[in-house]
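The values are calculated or read from the model by the stated rules, or taken from the named source; none is laboratory data. What you are looking at is a predicted structure, and each value in this text was computed from that prediction instead of being measured. Ideal geometry is used to build each Cβ from the backbone, glycine not excepted, and the neighbour counts take in all protein chains shown.
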Amino acid sequence: MRALLRRLLATVRPNKADRDLDAEVRFHLQSLADEFEAKGLDSNTARQAARRAFGGAEQMKEVYRDRRGLPLVDGALRDLRHTARLLLRSPGFTLTVVATIALAIGANAAVFLLLDQVVLRQLPVAQPSDLVIVSAPPLPGETGRGLLMGKNSSSDGHMTLGVSYPLYQTLQKRIPLFQDVLAHHAIRPTLLAGTTPMLADAELVTGNYFDMLGIKAALGRTLRPDDDRAPVGSAVAVLAHGFWQRQFGGDPSVLDRTIRVNNYPLTIVGVAAPGFSGTGGGRGPDLFVPLTMGNQVAPIRGFDRLSEAVASLEAIARLAPGVSREQAEKYLRGVYETLFDEALGRITKTFDVARYKASFPVSLFPGGYGSSAQSAVTRELKRTLQLLMAMVALVLLIAAGNVTNLLVARGAARARDTAIRLAIGADRWRLLRERLVESLALALLAGIASLFVTVWVVRLLPLVLPFGDRAAGLTLTPDRRVVVFILLVSVATGLYLWLTSAWQVTRRASLPLLYAGATRQAGAARPLRLRRGLVVIQVALSLGLLCASALLARSLYNLVTVDPGFKVEGLSAFSVQQSGAGDTAERRTLLLRELLDNVRGLPGVQAASLTSTLPFTGSSGGSWASIPGVAKKISYEVYLVGPDYFGTIGMPLIAGRDFSGQDVPGAEKVAVVNEALVSALFGDNKAIGQIVSCEEDMPADTRIVGITKDAKAGPRADARPTIYLPSFQRPGSATMNVVARMTGGDTLSAGSVRSVLKRLDPSVVSSEPRAVGDYIAEGLLRDRMLATLSAFFAVLALVLTGIGLFGLTSFAVARRAHEIGVRLALGAARRSIVWLVVREVAMLTLIGGAIGLAVYVSASRTVGSFLFGLSATDPPTVAAATIVLAAVALSAGFIPVWRATHLDPALTLRTE
Amino acid sequence: MSKGETNPGLLQGTLDLMVLRTLQTLGPQHGFGLAKRILQISDGLLDLNQGTLYPALLRLEQRGWIRARWGTSENNRRARFYELTRAGRRQIDAEERDWARTVGLMRRFLRSSEEG
């Protein structure tokens, strides 16, 4: 190794080594001469004798130098200098090539950056690859009121089922294949850490959480197992490092300070190490609280968080050394069967959970990646980003095709030069090596330039895409991983360029090119065939991209234009959350009532109401409804809404009335339902005035007073049976949204809302008022991202393909200028000349287009799963894409055609 | 592979062993001293261009068997002194064994052809 280094050094600094050798030889000769002189020779003769005894000094030095350097590196350096000269001599060419590849690589790196942040990166915890997420259906139990289940679909589309605290404890104790198991559960409480309350992301975690993940404390201590005693743990909290910095400015005096989480006092005992933000992707939790404090800081009415009835913990296990996920899963399934049978023996009631057992078997999922968790970011973006990555890789392939085209064209121009060198015995490998160095140098230059492109693209992304909160926690600046990615892609691109261009250039039969007059046919048939092939591939790929992007754009249009069933324009909303502990339902209702009255009085507000879930933003959760005397139960979605709700959001009632301020506890229980519920529950019968049960196994006590038209639950979600209940009559949700109908297109002003809340109750946390349309748009982030970026890629691909076609056709015209000139001189019609050139463009486009369509159709399933309201092979869209491509192709041929038909025959003939 | 760096009359590798052995007996030595000593021991049997020594020295250095540093010669001239490294010392044993084996092998061949 050291020897290699020294040789390298000698290669880089040849002068020093040469001087050393000279000095050494000089010393040797002098010493020899001294000896001869001592034997009695005169100094001149002694020197000659010395030189004779030494032998050919220069010859020896040559051998020495060869041995000393690394010939390969030596040659590479020479090639590099040669390349640098060549590239500098044609700056236009160099710039074009570098810019083309830099754009493509930059776009790739930008998508990679997102993909890496969201999906690929491992969690910054100890041995992340040993972590598995445990998904197990709840065990049968004697629970009075059913189960609260945590059910998440992760980014891979698989479902993970939450576990209950008792099941977690069993997992930890009874599975020897697990080194340890932790459990955590995210909550979103109000947090009072200073004067203004805020919403915080908190994580209820078991006491071994930090130890098992190998996370140390940056300050104070992390949570310990004895913080997490059942039934009630220590009233302590550990802050996440980022939150500590944001909220407390990194103040070390936060230790021992008391904060109120949902109005429950907790003492800060430490700050977790920087860089750790929970086990999910995205921004992660702000603070960590012992799991056994769950009932105190985030009580669920009627449930004990530590009982079997609440199965919402996410359990993460660390596999014991040498145990594979499959082994552990198999073992765990066996144990679960035993547990299940034991539990069945304990209870008398028949249990519905067997259904879950069949459809969601006990499973272990890889847990070491940010994407393994079920955060909103990862779930939505994983497959989207993978699709985009594939698309943008195709763009790079197209760009590389163009560059190859340029390189081959230039190689053809230098063909004479190459031929002469081959003819006088240049090593073919030597020529190939020159090309390699050239290709790599171009690609690497482009790689460096692409870093800037990446930074720029990434900075632009949040501007064109409504990331909203979801971008928080993503560090959108290229880091080392992105740089390595760029480097690898650059090298790969360089090799690709070399393989596609160099072979052609040096393989040409050398002699014919040296004949006089042969220069006119500089592009021999073979490289032209290669270039045609490349252009066909380009056409095919860009047609595929174009089809996909057109479909995605139309799909987005379909989604945006779905009728939400209410008037979105002019509707603003904000959420309020009251700190749970110590508040009675009456006081909450009173506050909401006052808030509503005050909001109605704000300038610009026409009407205002409340809702537990904003309409058209997905599922709101629900229960089972039934009518007396009928066994049928209907699963429905529930919205708790304020008085005048339907009037405020502009959702038409087809019968009955809106809620009013008189729908309060004590008055008759009422509900408004939608048509879907009516037809599911009553068939065609009249529903107004009927009594229903809104809760499984509960008496029917709620009268239907109104019916709304069916409205979709979200852009992609069909209308479901829905029941609206008056929120003042059934206060349940700690978080409510205030919706306000504004005059003109205004949004509710944040300042006025804040001052109203401050006056009413400073402990209430609220979000910034925003247009409801924005919330809906955010829900379409994935589709918007796909449509926008794929459109960008498709345009890029089209432009590149256009340039490719243009280059090839221009080249063909230039090559046949003589022939065309002769034809024109002989009186050929311009039309026939046009045909001569256009035929080529048309042929290439036809072949490429046909291949592209075929390939697209076979790959359309992938795109299809993202589409809404049209099929992946929607004929009008595909046809339109094809026409656009054809138009681009023909316009690329236009200038060469014009040039061909305007050749001056006299000029051509004169050069003969 | 390497072109013409040893005297054609000299078997490849023999010069290496000579240099290593000489360094072992004499200790650190400059090129001139080495050449002198080697010619002295060969007692006129070896007709060696002394310059040939230097590529051999470089080769040994690159293999890490000897190292070189600048010093002052007996007559106060700046000279490069070569000395054995630990790896070089080990190498001598290995080379000696190889050489003995080669000599033994050759002897056997020569004897058998004498008999046959």
Legend entry - Matching residues, segment A:172-196, being in a loop (DSSP other than H, G, I, E, B), surrounded by fewer than 22 Cβ atoms within 10 Å (Cβ to Cβ) and under 33 Å from the mean Cα position of the chain (by Cα): A:Arg188
Inset, instruction - State which residue is surrounded by the fewest Cβ atoms within 10 Å (Cβ to Cβ) when the search covers only segment A:611-638 and only residues that are in a strand (DSSP E or B) and aliphatic (A, V, I, L, M). - result: A:Ile634
Inset, instruction - Given the conditions (1) part of a loop (DSSP other than H, G, I, E, B); (2) touching a residue at least 40 places away in the same chain (Cβ under 8 Å); (3) over 23 Å from A:Phe566 (Cα atoms), report the number of the one that A:Leu602 does not fulfil. - result: (3)
Inset, instruction - Would you please list the contacts, defined by Cβ atoms under 8 Å and residues six or more apart or on different chains, that run from a residue in segment A:374-390 that is closer than 21 Å to A:Ile316 by Cα to a residue that is modelled with pLDDT of 85 or more and buried (at least 18 other Cβ atoms within 10 Å of the Cβ)? - result: A:Gln374/A:Glu314
Inset, instruction - Determine if segment B:95-108 includes at least one residue that is closer than 26 Å to A:Glu58 by Cβ and either crowded, with 20+ Cβ neighbours inside 10 Å or over 13 Å from the mean Cα position of the chain (by Cα) (or both). - result: no
Inset, instruction - Can you confirm whether segment B:19-27 contains a residue that is surrounded by 12 or more Cβ atoms within 10 Å (Cβ to Cβ), touching a helix residue (DSSP H, G or I) at 6+ places or on another chain (Cβ under 8 Å) and of a type in the set (Lys, Arg)? - result: yes
Inset, instruction - Answer with yes or no whether A:Ala240 is surrounded by 13 or more Cβ atoms within 10 Å (Cβ to Cβ), modelled with pLDDT of 90 or more and over 24 Å from A:Thr195 (Cβ atoms). - result: no
Inset, instruction - Check whether at least one residue in segment B:79-89 is buried (at least 18 other Cβ atoms within 10 Å of the Cβ) and more than 17 Å from A:Leu21 (Cβ to Cβ), and report yes or no. - result: yes
Inset, instruction - Run down A:Ile105, A:Ile101, A:Ile133 and say which single residue is surrounded by 19 or more Cβ atoms within 10 Å (Cβ to Cβ), closer than 30 Å to A:Pro166 by Cα, away from every other protein chain (no Cβ under 14 Å) and modelled with pLDDT of 85 or more. - result: A:Ile133
Inset, instruction - Name every residue in segment A:621-639 that is under 20 Å from A:Gln729 (Cβ atoms), within 35 Å of the chain's Cα centre (by Cα) and touching a residue at least 24 places away in the same chain (Cβ under 8 Å), in order of residue number. - result: A:Gly622, A:Ser623, A:Tyr636, A:Glu637, A:Val638, A:Tyr639
Legend entry - Residues located in segment A:586-610, provided they are surrounded by 16 or more Cβ atoms within 10 Å (Cβ to Cβ), among the aliphatic types (A, V, I, L, M) and within 16 Å of A:Ser763 (Cα to Cα): A:Leu591, A:Leu592, A:Leu595
Inset, instruction - At least 3 residues that are of a type in the set (A, V, I, L, M, F, W, C) and either modelled with pLDDT of 80 or more or in contact with a helix residue (DSSP H, G or I) (Cβ under 9 Å, 6 or more places away or on another chain) (or both) in each: list the strands (runs of 3 or more DSSP E) lying fully within segment A:260-373 that qualify. - result: A:264-272, A:287-290, A:314-319
Legend entry - All positions within segment A:12-48 that are polar (S, T, N, Q) and more than 9 Å from every other protein chain (Cβ to nearest Cβ): A:Asn15, A:Ser43, A:Asn44, A:Thr45, A:Gln48
Inset, instruction - Could you figure out which of (1) modelled with pLDDT under 85; (2) more than 19 Å from A:Ser575 (Cβ to Cβ) isn't true of A:Gly714? - result: (2)
Legend entry - Options A:Arg831, A:Arg861, A:Arg823; residue that is of a type in the set (Lys, Arg), closer than 30 Å to A:Leu551 by Cα and in a helix (DSSP H, G or I): A:Arg861
Inset, instruction - Filter segment A:737-767 down to residues that are of a type outside the set (Ser, Thr, Tyr), closer than 20 Å to A:Arg587 by Cβ and in a loop (DSSP other than H, G, I, E, B), then give me how many there are. - result: 3
